[in-house]
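Shown next, in structure tokens, is the structure this report addresses.
Please treat every number below as a calculation from the coordinates, not as lab data. Here the structure is a predicted model, which is why all the values come from computation and not from measurement. For neighbour counting, all protein chains shown are included, and Cβ atoms are generated from backbone atoms with ideal geometry for every residue, glycine included.
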Amino acid sequence: MAYTQNGQRKTATRREVFSERLINDAMIGKPNAVNKLLQLKADVSAEKESSGAQLPTVDEIDAHDRAILETARTLGILPSGDPA
């Protein structure tokens, strides 16, 4: 998906665009976005516990995903000591 941000042409997957928009909306205090992020966190935690799956390591995720995780840590959605 191609889009323009700050005058620059960029490409991203729909998932990346959705994630960034959801986090940005949560950062400005939109209650629905905050609730959705909290629900996603709960869903991921429950799925991880039931499947025994490991989250990817820092080396296995790209820079954009790391930026999303950092934003989630800043918002308090993820603990600051989380290795991913």
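Some values worked out for this structure:
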{"quantity": "Label point at S80 placed 7 Å out along Cα→Cβ; residues across region 18-39 whose backbone nitrogen lies under 19 Å", "calculated": "27"}
{"quantity": "Paired Rg and Dmax values of the chain, which use every Cα atom, in angstrom", "calculated": "13.9, 44"}
{"quantity": "Sequence of D43, D65 once ranked by neighbouring C-beta atoms within 10 Å, starting from the fewest", "calculated": "D43, D65"}
{"quantity": "Neighbour net charge for H64 - beta-carbon separation under 13 angstrom, K R +1, D E -1", "calculated": "-2"}
